[in-house]
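Visitor: A single structure is presented below for examination.
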Amino acid sequence: MRRISLVSFLLIYGSFAAQPLAPAPKAAPLRELPWAQLNFLHTTDIHGWWGGHVQEASFSADWGDYISFAKHLRDRADADGSDLLLIDTGDRIEGNAIYDSSKPRGKFTYEIAKKQNIDLICSGNHELYKAESADGEFFHTVPDFKGNYLASNLDIINPNNGRRQPLAPRYKKFKTKNQGIRILAFGFIFDFTGNDNNTFVIPVEQTVKESWFKDALRDKDIDLILVYGHVDVRSAEYALLYKTIRSAQWDTPIQFFGGHSHIRDYKIFDSTSVALESGRYMETIGFMSIDGLRTADSDKRPAQQQKSKVTFSRRYIDNNLFSMHHHTKKNETTFPTEHGLNVTFAIGEARDSLGLGERYGCAPHDLWVSRRPYPHDESIFTWLDTQVLPQSIKPSERNKKAIIITNTGGIRFDVFKGPFTKDTKFLVSPFTSGLRYIKDVPYKSASRLIKLLNNEGPILDMMKDGNTYLQPPEHVAAQYRPDMYIASQSQELHSYTAQDQTPLLGGSEDELFPGYTTHDDAGKDGDDTIHQVIPFYQVPNCVQANIGFNTGDEDKPEVVDVMYNEFIQKWILLGLGYLGESYTSEDTHSYADGKSFTNIMTEWVKEHWDVASEECT
Ligand SMILES: *[C@@H]1O[C@H](CO)[C@@H](O)[C@H](O)[C@H]1NC(C)=O
Ligand SMILES: *[C@@H]1O[C@H](CO)[C@@H](O)[C@H](O)[C@H]1NC(C)=O
Ligand SMILES: *[C@@H]1O[C@H](CO)[C@@H](O)[C@H](O)[C@H]1NC(C)=O
């Protein structure tokens, strides 16, 4: 009790780095970092959230704080002779106004990212959707992290000479600074097919047969193989890499780092091979440690002395200053470094220059992507298909009726009760695409489309084959991890048990507040902060809004406009074809000159939630 009140004292009197608007972190019981011989900090799927979360205390630290945090842990490694490596596994762009509302879009992102000393970095799929952002990697991120950026299965057309080449080296071998651990590292991306035509993703199945890869694996003077990538840790791609590497090196420890599915997860492949995935949006700093590795020096020792057992530990750190201070044994005066503060300041200036605080309206209550079932008054999708879309969209002609189908993955984040700002706009819907439509589709077929896009069947099989998913990434992940839904809904609120925990900082169950409660291959003790469970409900691939009629009406329309967000056009056309209506992209039209869905939503907010005169907190 005494310690928790000291902590409360610090919280009350502390001045925080983080962004000026960000709420102070809340004190909570913590698990310690399992520091060891080799340690890692891992970020993934940052999607431009360099400023952290200014509306959520648990994730309110920013990239500048992360820079200070990493500096203190590097100092610790140097002091005790261990090692620390920083890893980022891609999707650094798209999903936050700092990226999406700046002109050009990468204006701040590359400058901010490069301020952190990342030891191993790679591309995600979002860097590759558009030729410009792939070129951004070529011109900025690759040179900024020269020698640390790997592209094991990714080529680009060199914009300077038009020739195809690897975006970055395929792999590298290096020795850690203090321990001299010899590491062979690869940087992958999953078998992504939605990239623009200036990049080439080489399927992992093909990569593992290439001679450079086989040659690299022949090296026996290696203490650890490190595979990091923008790849779900439970994917077929990592399963194949694991199998291939294991058959070449039967006892070398293999550490995987993954991403893309936006969740916390830890997979145990075998007793010397594991994989860590560290969430999304600067919510999580993944911590991983390995003990008992051989080193270049231990090779020289007699064989019987080398047989130490390799052990792995993981921790998912909530990205806030309460956690960071605790894990570095610093306080608010000793924690921030000059470099970190400079970056925090630069992020704040970027946010100010973009006017992200501009208020469009005031949300009357929370709207959730996953914390409420669909349909539900507090489901963001119910809000879209009963209010925003029907009240905003006009069919092609007067009195025409329409259905609008949008995919749930187009919505990236929740709306919290209170100010809906320029910041919120891009968090919820960062994508630039608009709506398209097909005129006069027989209602009989149009009305069956949604089932085809949502339920098992030929269209879903084709999506899977093409690695295309229409749901938010964490829901795609849940398709392979059914207990994500069951666990969150059936668990008692205070679900952790005494044997789950390593010693805690203090506090009692009564003080817990909602947050991540991860269940992975090593159990339920991975999160650094002990939380109450947050519900996680299933959402469909697509949701539908009706314009000018209700599904329950007696008089069904003969024909309707079929409207949809551009991203799913291919699937709409395939679905209609399957229902016997043959249309091609020639039959489709752009709605309202391509006005983006983001702007349609924002205009609705201005019109319906503009309560300028009212209090909005
Ligand atoms: C890529 O597509 C664009 C049109 O979107 C086209 O102009 C260009 O020639 C294509 N490049 C290659 C290498 O195919
Ligand atoms: C922070 O730590 C330093 C060094 O241990 C100490 O001198 C200082 O009083 C602490 N500050 C607070 C506010 O606790
Ligand atoms: C921080 O910013 C100041 C002012 O721009 C600069 O003089 C200083 O060198 C920077 N320090 C670090 C460590 O980046």
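Visitor: Among (1) over 18 Å from Leu427 (Cβ atoms); (2) assigned to a helix (DSSP H, G or I); (3) open to solvent by 40 Å² or more (accessible area, probe 1.4 Å), there is one condition Asp352 misses while meeting the rest; what is its number?
Guide: It is condition (1) that Asp352 fails.
Visitor: Among the numbered criteria (1) open to solvent by 50 Å² or more (accessible area, probe 1.4 Å); (2) within 21 Å of Leu384 (Cα to Cα); (3) of a type in the set (D, E, K, R); (4) at pLDDT 95 or above, which one does Asp553 miss?
Guide: Unmet condition: (4).
Visitor: Yes or no: His339 open to solvent by 10 Å² or more (accessible area, probe 1.4 Å), within 16 Å of ligand 2 (Cβ to nearest atom) and modelled with pLDDT of 95 or more?
Guide: When the stated conditions are applied, His339 does not pass them.
Visitor: Within segment 121-132, can one find any residue that is part of a helix (DSSP H, G or I) and of a type in the set (Val, Ile, Thr)?
Guide: no
Visitor: Using the structure shown, decide if Leu427 is under 21 Å from Gly552 (Cβ atoms), outside the structural domain of Asp232 (by TED's automatic domain parsing), open to solvent by less than 20 Å² (accessible area, probe 1.4 Å) and not charged (D, E, K, R).
Guide: Answer is no for this residue.
Visitor: What is the number of the single condition among (1) open to solvent by 10 Å² or more (accessible area, probe 1.4 Å); (2) at pLDDT below 95; (3) more than 16 Å from ligand 2 (Cβ to nearest atom) that Arg2 does not meet?
Guide: Condition not satisfied by Arg2: (3).
Visitor: Looking at (1) under 20 Å from Ile93 (Cα atoms); (2) open to solvent by 50 Å² or more (accessible area, probe 1.4 Å), which is the only condition Asp191 fails?
Guide: Looking at each condition in turn, Asp191 falls short on (2).
Visitor: Next up: With Phe190, Phe200 as the choices, which residue is modelled with pLDDT of 95 or more and within 16 Å of ligand 1 (Cβ to nearest atom)?
Guide: Phe200
Visitor: Could you check segment 556-575 and list, in sequence order, the residues that are open to solvent by less than 50 Å² (accessible area, probe 1.4 Å) and closer than 27 Å to Pro473 by Cβ?
Guide: Across segment 556-575, the qualifying residues are Val562, Met563, Tyr564, Asn565, Ile568, Gln569, Trp571, Ile572, Leu573, Gly575.
Visitor: Restricting attention to segment 359-383, which residues are assigned to a loop (DSSP other than H, G, I, E, B), open to solvent by 20 Å² or more (accessible area, probe 1.4 Å) and in contact with a Ser or Thr (Cβ under 8 Å, 6 or more places away or on another chain)?
Guide: Those that are assigned to a loop (DSSP other than H, G, I, E, B), open to solvent by 20 Å² or more (accessible area, probe 1.4 Å) and in contact with a Ser or Thr (Cβ under 8 Å, 6 or more places away or on another chain): Arg372, Pro373, Tyr374, Pro375, His376.
Visitor: Separate question: Yes or no: segment 120-135 includes at least one residue that is farther than 30 Å from Thr529 by Cα and in contact with a Cys (Cβ under 8 Å, 6 or more places away or on another chain).
Guide: Scanning segment 120-135 turns up no residue that is farther than 30 Å from Thr529 by Cα and in contact with a Cys (Cβ under 8 Å, 6 or more places away or on another chain).
Visitor: Checking Asp75 against (1) of a type outside the set (A, V, I, L, M); (2) modelled with pLDDT under 95; (3) within 16 Å of ligand 2 (Cβ to nearest atom): exactly one of these is not met. Which one?
Guide: Unmet for Asp75, out of (1) of a type outside the set (A, V, I, L, M); (2) modelled with pLDDT under 95; (3) within 16 Å of ligand 2 (Cβ to nearest atom): (2).
Visitor: Output the residue which, of all residues in segment 138-182 that are over 22 Å from His126 (Cα atoms) and not in a loop (DSSP other than H, G, I, E, B), is nearest to ligand 1 (Cβ to nearest atom).
Guide: Among those residues, the one meeting the criterion is Lys172.
Visitor: Out of (1) exposed (fewer than 15 other Cβ atoms within 10 Å of the Cβ); (2) touching a residue at least 12 places away in the same chain (Cβ under 8 Å), the odd one out for Thr334 is which?
Guide: Result: Thr334 fails condition (2) only.
Visitor: So which residues in segment 316-331 are open to solvent by 30 Å² or more (accessible area, probe 1.4 Å) and either within 16 Å of ligand 1 (Cβ to nearest atom) or in contact with a strand residue (DSSP E or B) (Cβ under 9 Å, 6 or more places away or on another chain) (or both)?
Guide: Within segment 316-331, just His326 meets the criteria.
Visitor: Within segment 14-39, restricting attention to residues that are at pLDDT 95 or above and of a type in the set (S, T, N, Q), which residue is least open to solvent (accessible area, probe 1.4 Å)?
Guide: This residue is Asn39.
Visitor: Under the condition of being open to solvent by 40 Å² or more (accessible area, probe 1.4 Å) and in contact with a helix residue (DSSP H, G or I) (Cβ under 9 Å, 6 or more places away or on another chain), which residue from segment 210-227 is nearest to ligand 3 (Cβ to nearest atom)?
Guide: Asp221
Visitor: Here are His47, His42: which of them is in contact with a Gly (Cβ under 9 Å, 6 or more places away or on another chain), crowded, with 21+ Cβ neighbours inside 10 Å and under 23 Å from Phe312 (Cβ atoms)?
Guide: Just one listed residue meets the conditions, His42.
Visitor: Ok, one more. Kindly indicate which of Asn178, Asn197 is surrounded by 14 or more Cβ atoms within 10 Å (Cβ to Cβ) and more than 16 Å from ligand 2 (Cβ to nearest atom).
Guide: Of Asn178, Asn197, the one residue that is surrounded by 14 or more Cβ atoms within 10 Å (Cβ to Cβ) and more than 16 Å from ligand 2 (Cβ to nearest atom) is Asn178.
Visitor: Does Thr284 qualify as being within 23 Å of Thr89 (Cα to Cα), at pLDDT 95 or above and either assigned by TED's automatic domain parsing to the domain that holds Asp75 or touching a strand residue (DSSP E or B) at 6+ places or on another chain (Cβ under 9 Å) (or both)?
Guide: The answer is yes for Thr284.
Visitor: Looking at (1) more than 16 Å from ligand 2 (Cβ to nearest atom); (2) over 20 Å from Gln19 (Cα atoms), which is the only condition Phe413 fails?
Guide: The single condition Phe413 does not satisfy is (2).
Visitor: Condition test on Gly147, is it under 28 Å from the mean Cα position of the chain (by Cα), over 24 Å from Ser82 (Cβ atoms), surrounded by fewer than 16 Cβ atoms within 10 Å (Cβ to Cβ) and more than 16 Å from ligand 3 (Cβ to nearest atom)?
Guide: no
Visitor: Can you tell me which residue in segment 74-95 is surrounded by the fewest Cβ atoms within 10 Å (Cβ to Cβ), limited to those that are in a loop (DSSP other than H, G, I, E, B) and touching a residue at least 60 places away in the same chain (Cβ under 8 Å)?
Guide: My answer is Gly81.
Visitor: Checking the conditions here, which among Pro430, Pro395 is more than 27 Å from Thr468 (Cβ to Cβ) and either among the polar types (S, T, N, Q) or assigned to a loop (DSSP other than H, G, I, E, B) (or both)?
Guide: Matching residue, one of Pro430, Pro395: Pro395.
Visitor: Then there is this: Can you run down the residue pairs with Cβ atoms below 6 Å, 6 or more apart or on separate chains, where the first is in segment 264-292 and at positive phi and the partner is open to solvent by 10 Å² or more (accessible area, probe 1.4 Å)?
Guide: Close Cβ pairs (under 6 Å, with a partner that is open to solvent by 10 Å² or more (accessible area, probe 1.4 Å)) amount to Gly279/Arg264; Gly292/Ser308; Gly292/Lys309; Gly292/Val310; Gly292/Thr311.
Visitor: Which one is farthest from Arg481 (Cα to Cα), of the residues in segment 237-256 that are without any contact (Cβ under 8 Å) to a residue 24 or more places away in the chain and among the hydrophobic types (A, V, I, L, M, F, W, C)?
Guide: Restricting to residues being without any contact (Cβ under 8 Å) to a residue 24 or more places away in the chain and among the hydrophobic types (A, V, I, L, M, F, W, C), the top hit is Trp250.
The values are calculated or read from the model by the stated rules, or taken from the named source; none is laboratory data. None of these values were measured; they are calculated from a predicted model. Quick reminder, even Gly has a Cβ in these numbers, built from the backbone with ideal geometry, and neighbours come from all protein chains shown. Accessible surface is based on the protein model in full, side chains and every heavy atom, while ligands, DNA and RNA are left aside. Shrake-Rupley method; radii C 1.70, N 1.55, O 1.52, S 1.80 Å.
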